[in-house]
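The values are calculated or read from the model by the stated rules, or taken from the named source; none is laboratory data. Small disclaimer: the values here were computed from a predicted structure and weren't measured. Here the Cβ positions follow ideal geometry from the backbone for every residue, glycine too, while neighbour counts run over all protein chains shown.
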Amino acid sequence: MKLHIIFILTLLSFCQLNGQNITGTVTNIFGEPLAGATVQWKSSKSGVATDENGKFSIADKTTGERILVFSYLGFKTDEINAGSITDWKMQLIEDNTISTVDITAKSQATRFIDNVIKTEVLGTRELERAACCSLAGCFSTNASVDAQTTNVVTDAKELRILGLSGVYNQILIDGMPLVQGASFTFGAGSIPGTMIEEIFVSKGANSVIQGYEGITGQINIMPKSAAKSERIFLNAFVNSFGESQYNANYIHKRKNWNNFSTVHGTLPAGEVDGDSDGFQDVAKVKRFSLFNKWVYNNPENQKIRSQIGLRFWSENRVGGETSYDQDRDEASGQIYGQAININQADFYTKLNYKLADLTSLIWVTSGFIHDQNSIYGQKLYTSDQKNLFSNLVLDHNFGERLHNWKTGLSIRNNNMTETVDFVENPLTWTYAGTYENDYFIPGIFTEGIFYMDRITLMGGIRADNHGEFGWKTTPRMLIRAELSENTDVRFSAGKGFRRVHLFSERVSVLASNRDIIIEDEIAPEEAVNFGVNLIQKFQIGGINTILSADGYLTMFQNQVFPDFDRGLGKVFINNFNERSESRTVQLENKWEFSEQVDFKWSYNYQWTARKFENQMLQLPLVPNHKFLTQTSLSTEDNKWQADFTYRWTSSRRLPITDDFPIEYKQPENSPSYSGIDMQITKRWQKFELYGGIENITNFRQAFPILGSDDPFGPFFDTSFNWGPTKGREFYIGFRYKDL
């Protein structure tokens, strides 16, 4: 195995009690940390292993040859003369001649990156603790992200951070903004969990490189890679509602190219109506997706590194009355149904060209074409979107501590047409028409990271031309203070903007029978976000534990959201410039008793409100309190594993129904509720069998659809869903892994 030195960092070294140490970080060529890499002196039989952040510290050798050897299974090894340098940043190169890699189910489930931005990483072990059929289902054991149902009829979900709508965070695939606009509502469900290697979750202000959005944070999905994943992976799954899913991954290595391919299929559930309201509890979904990723890396020529990703996604999703047949009843006005047909193709490229030892030119480009035809009762909705994003970045390291500076240009081009029409209009809706959302946004940005003893500063600013709305600047600042080896404090502040795609992002306005009143020309939403967090590590009697505490404040200068409270049978859309803010606190404590036993608990407080009639009114359907515990147990040989999750959610304010008829009036607040999930996994050499129960207590919200007795009437509304609606779910599946 051979090691290639990409960067040599000279950082301030610290004297240890036992003398000088050699320290550093080991990553792959894309800067991702390699946990468990071996570092040892040549001719020595012992060494040290890198931690979860790829960091190592080894006692210096004062006599003889000072040659360090770095090795990691699946990568080439090399030797270096340490000389007088005491801190190194190393990048290992994959060995394309090796056909197997070391896969261990005991790898850490979640971890925090050693970075100025607080980033939580969900690994494969965490994702396999539940069924995790898609990205939308990958957060059932996580407290930072909440998968919230936005339309109970079609089971549309959005991923929320900091108690705010999912439109305010960025969902990235390999760092690319491919889930937005028309793909937002169902995009999180289109990404199979089995194609994901890691999920990076950062809350609050972050880098300006990915754009002016990301007001509440980022969710970055990293597809599986040849360095860490199985050559062949198969997965099949079926639940007690009759829905089944099938996945196949394949990794191929040839010379300087690695290829990851995955195919996914979903077949629909049967008829399920647990509360006998006449409506299907589980949307019927047929989905097919195909993803390919190519990585180019030539060990003989490290000037150029590149990635190419391609994806195709096709989906048909149907919900409504149990007797609804899409072919027979679509738009008939007799039997109510909602049907969504989606086709999307997307791509992305990354090209890194090394100009000098410490300087690179990076070009990234992504785009997608989305076509959607939908029907909501007697409303016809179509959307067509073409989106392109491109960044050209100059990346330079400088100084003894190798500070980092990036600067570059970006473009965002969007052509989107949304059309709303009515088959019949007995309720005299007024919003039929064609809605264009075309924009070309050029931008310029710069960002720097500076290391000062135990303080790290990251500052960035970008300016983007939003056409008729003019130039808008997005400044961000982050500070990390390493108070001790086990104590980190971080501060963040920043501003964000986003363009609104009304109907595609706020599906609840189409799913109900309210009239939609658009009062203003919709301007970009903008907000500032402030955050502080603490990470404290302890070791108590050989037990590792981590305490994490977060606090965030988000304040909007302009916000666009559906107002369901102002008028009977109407929802109002306007630019809201008065006070609107969100305050969140999260406490989380993780305990690793051994490789076989770990436990965590978390508590979330959320207060999200806007000014209404001279007082602050909490937004509907946002719980003030959430509590989660998760326990994982495995045998010493890892052949058996059991996972248990408990969740408690407090009451939520419901939309105001004071003027509704008595039979449709709702209480001011929903009740609180709890749920318990469990999963058992049995492993053999290449085969795994897993099965579980979600919502063991069978708690469900009775009659979640208002006006389900008259779905074509004026009071039919899907915006009152506050809890689980499916009841208890059993599932069973298998995984096949060929290394």
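Here are some notes:
- Looking at Gly309, Gly278, Gly333, Gly367, just one residue is over 30 Å from Lys253 (Cα atoms) and surrounded by 15 or more Cβ atoms within 10 Å (Cβ to Cβ), and that residue is Gly278.
- Residue within the range 606-614 that is closer than 21 Å to Phe720 by Cα, assigned to a loop (DSSP other than H, G, I, E, B) and either of a type in the set (Asp, Glu) or modelled with pLDDT of 95 or more (or both) present: no
- Qualifying residue in the range 246-253 (condition: part of a strand (DSSP E or B), among the β-branched types (Val, Ile, Thr) and in contact with a Leu (Cβ under 7 Å, 6 or more places away or on another chain)): no
- Residue within the range 707-714 that is assigned to a strand (DSSP E or B), among the charged types (D, E, K, R) and out of contact with any helix residue (DSSP H, G or I) (no Cβ under 6 Å at 6 or more places or on another chain) present: no
- The test for being in contact with a Leu (Cβ under 8 Å, 6 or more places away or on another chain), at pLDDT 95 or above and not aromatic (Phe, Trp, Tyr) does not hold for Gln596.
- In this entry, Ala182 passes the filter for residues that are in a helix (DSSP H, G or I) and either surrounded by 24 or more Cβ atoms within 10 Å (Cβ to Cβ) or among the hydroxyl-bearing types (Ser, Thr, Tyr) (or both).
- The range 316-365: number of residues that are under 27 Å from Asp155 (Cβ atoms) and either part of a loop (DSSP other than H, G, I, E, B) or of a type in the set (Ser, Thr, Tyr) (or both): 11
- Only one entry in Leu392, Leu380 is in a strand (DSSP E or B) and under 25 Å from Gly460 (Cα atoms), namely Leu392.
- Filter result (farther than 26 Å from Thr149 by Cβ and either crowded, with 17+ Cβ neighbours inside 10 Å or at pLDDT below 95 (or both)) within the range 663-683: Thr681, Arg683
- Scanning the range 546-598 for residues being closer than 18 Å to Gln630 by Cα and either within 25 Å of the chain's Cα centre (by Cα) or outside any strand (DSSP E or B) (or both) gives a total of 16.
- Test: residue in the range 250-269 that is touching a Cys at 6+ places or on another chain (Cβ under 9 Å), in the same structural domain as Glu525 (by TED's automatic domain parsing) and either over 17 Å from Phe291 (Cβ atoms) or not acidic (Asp, Glu) (or both): yes
- Residues of the range 289-336 satisfying the condition of being within 19 Å of Ala269 (Cα to Cα) and not charged (D, E, K, R): Ser289, Ser314, Asn316, Val318, Gly319, Gly320, Thr322, Ser323, Tyr324, Gln326, Tyr336
- Within the range 713-738, residues that are within 28 Å of Val509 (Cβ to Cβ) reach partners that are part of a strand (DSSP E or B) and of a type in the set (Val, Ile, Thr) with beta carbons closer than 7 Å, at six or more positions or on different chains, in the pairs Asn721/Thr149.
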